[in-house]
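So the structure is just underneath, and the comments pick up after that.
Each value in this text was obtained by applying a stated rule to the coordinates, not by laboratory testing. These numbers were taken from a predicted model, which means no experiment stands behind them. Positions of Cβ are backbone-derived with ideal geometry, glycine not excepted, and every protein chain shown enters the neighbour counts.
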């Protein structure tokens, strides 16, 4: 009976779908991990749900998860395009070439690629968040809070986006604590809970008592929770389930407003190619609640930095700053241009170790 | 009482019947799983197995994609099956695949932006040699020092993926890529691009090579003394030795062939569908091929069919995610069931079921 019913529903859906298609906007998402990662993909999926909630019946959203950043991505994108999507968000850096390749074949479908820089066709936009602004805030907290003066950083891939975050966190930790050191471990994956947990364990063994991550899962949090006195920051999502220990604050990606705005633009027929790089000011980057584990004056200082970045009076990369090898980069009072930031492939002075190459 | 009785000889009928029975059992068990997930089982099964082949909107695209996805799986699995038949376990095809891709791509990129007919063939040769040499490490360690080739070849996968990470950020990085990891895209370098032989068919050199490998393996196993030796070694190593098989040479041969096949698959993939060397271009083909080899009963024609079937579940699985919001994990469970049922059904090949108490002897 139930089977019959669902069969009939399916038949009805198939039959009715075609005429209804015209006023339903179909939005697809491609995920590198799964929404259950509690981090990066989770936040994109929250954005997707926000689109559904905002537009109700006028929109239909779909997603494919765990899509490898290779030929599989191109196939998934093509299938999405063929199945009548109007707008497709590809939410990982590694989908860059595939997004552009598929966009070339489907000029009527709009593509939005997260964190990339290639817009080879008029129907491709890119969007990203200035996570480094958030790093400035939590770097300040980290500098104050570390007792061993060793801050650990679990890094994914040595691309400018990640290197920017390491530099920003280090600069601001160093500013409040000249003895602070940064220990970086590269795991070469966005989402690999086992590797991320191993990296956290290795950092803690080296005496690190503050852990930051630029990977997608909550595994480093779970690892840090096992050791007394280690604090950590939520990455991409709030990870509030790990408060009060080890989570003391977080950097949250808030994609929902952007996704709603872009979906609206497709509905209105006003969609145009853009390159969006939103930060704290536009609300794309948010700082999660700073818990009571942080002393009030540290919290106040962190929030002051957040506020000064938001109102534009302060830039996270303000000179004087030298590159790691000692060559001058920014003069006193000079701030880094976006071009410099987007291609950043060097550590600032004081960080030890090499960027893998 | 139900009991199993060993057949004197494996049943011919069941050898052919088990794969079909396994697919049917997977559909039933998978259907139950999908029903528990709140999806219409019939619709899911239809989307996975039928739509990629016959859906009016998708099939024109997904039928060729079936070849693209199955090609490397079949090519690697054919190579592996020779060794597996002889009891030589190369588990590290993924590593050989990566190294083959790196070596071939390096040759191609070294010539950039030159345009000449010989660049692509050179890349292919370099890819095969790369995979072959990577497989020679566990092979030589085994013949020389008696190490376990399963462990060594598997561990070398991790070495290879670190090599891949390293070259995508260093040696082979696209100089025009603004410091981002990943090589130049071969799709934009015609002399080195493994394009479709006939546009819109998915048929590229790698798929063609995979088909040729199926034929070659079939001839080798059935018509050639070497094939006889491989089968004999697997079935009875002692008898093989008496009949003049040189085990060390056979190990080197089987490992070498499987390594070269994996390397070829790697370079065809990286110069074609993947387009560029980057940190995560290897999508686990080397491991999936092991499943394909066993699903195909280590028989060349079986592997051909198994590769196509598994490719179908991948492509159909993505469609099911897209159209019904089925979680990716459910598709993986479904693929796992397929192998599980195949191995379970094997019981019927070697045993028959007897109902009732054992007869008094």
(request) Sort B:134, A:255, B:14 so that the residue with the fewest other Cβ atoms within 10 Å of its own Cβ comes first and the one with the most comes last. (result) B:14, A:255, B:134
(request) Report, to the nearest 10°, how far helix A:40-55 tilts away from the longest principal axis of the Cα atoms in chain A, using its own Cα long axis and a range of 0 to 90°. (result) 40
(request) Could you compute the FRET efficiency for residue B:122 and residue B:201, with r as their C-beta to C-beta distance and R0 at 25 Å, rounded to 0.05? (result) 0.50
(message) Viscosity 1.306 mPa s, temperature 10 °C: give me the Stokes-Einstein translational D for region A:70-220 in µm²/s, with Rh taken as the Kirkwood radius over C-alpha pairs.
(response) 93
(request) Project the alpha carbons of region B:281-361 onto their principal axes and report the range along each, largest first, in whole Å. (result) 61, 31, 17
(message) I'd like the FRET efficiency for residue B:228 and residue A:354, computed as 1/(1 + (r/R0)^6) with the beta carbon distance as r and R0 of 51 Å, rounded to 0.05.
(response) 0.40
(request) Run the numbers on chain A and let me know its relative contact order in percent, using alpha-carbon pairs under 8 Å that are six or more apart. (result) 17
(request) Obtain the nm distance between the two label points defined at residue B:9 and residue B:49 by a simple spin-label model: each point lies 7 Å from its Cα along the Cα-to-C-beta direction. (result) 3.2
(message) When 1/r is averaged over all different Cα pairs and the result inverted, which Kirkwood radius in Å belongs to region B:223-347?
(response) 17.3
(message) Counting only Cα atoms, I'd like the Rg/Rh figure for region B:198-240, Kirkwood definition for Rh.
(response) 1.28
(request) With the convex hull built on the Cα atoms of the protein assembly as shown, state its orientation-averaged projected area in nm². (result) 37.4
(message) If I build a Gaussian network model for chain B, linking alpha-carbon pairs within less than 10 angstrom, which residue out of B:320, B:60, B:160 has the largest mean-square fluctuation?
(response) B:60
(request) Have a look at region B:59-325 and give its Rg and Dmax from the Cα atoms, expressed in angstrom. (result) 18.5, 62
(request) Please determine, in degrees from 0 to 90 and to the nearest 10, the orientation of helix A:160-176 with respect to the longest principal axis defined by the Cα atoms of chain A, where the helix direction is its Cα long axis. (result) 30
(request) Order by neighbour count: A:237, A:217, fewest other Cβ atoms within 10 Å first, most last. (result) A:237, A:217
(message) Within a 10 angstrom radius of the beta carbon, how do B:156, B:212, B:252 rank from fewest other beta carbons to most?
(response) B:212, B:252, B:156
(request) Report the label-to-label distance for residue B:60 and residue B:171 in nanometres (one decimal), using points 7 Å from each Cα along the Cα→Cβ vector. (result) 4.3
(message) Among B:310, B:17, B:208, which one shows the highest mean-square fluctuation when chain B is modelled as a Gaussian network with alpha-carbon springs under 10 Å?
(response) B:17
(request) Could you state the angle between the C-alpha long axis of helix A:71-82 and the longest principal axis of the C-alpha atoms of chain A, as a value from 0 to 90 degrees rounded to the nearest 10? (result) 40
(message) Ignoring everything except DSSP H segments at least 4 long, calculate the 222 nm mean residue ellipticity for the protein assembly as shown; use -39,500 (n - 2.57) per segment, divide by total residues, nearest 500.
(response) -18000 deg cm²/dmol
(message) Pick from A:300, A:256, A:68 the residue whose mean-square fluctuation is largest in a GNM of chain A, springs joining Cα atoms under 10 Å.
(response) A:300
(message) As an exercise, use a Förster radius of 45 Å and the Cβ-Cβ distance of residue A:268 and residue A:175 to find the FRET efficiency, rounded to the nearest 0.05.
(response) 0.50
(request) Please give, to one decimal in nm, the separation of the simple spin-label points placed at residue A:147 and residue A:277, each 7 Å out from Cα toward the Cβ. (result) 4.0
(request) Report Rg(Cα)/(2.2 N^0.38 Å) for region A:273-344, keeping two decimals. (result) 1.35
(message) Looking at chain A, I'd like the Rg to Rh ratio, where Rg is from alpha-carbon atoms and Rh is Kirkwood's inverse mean 1/r.
(response) 1.01
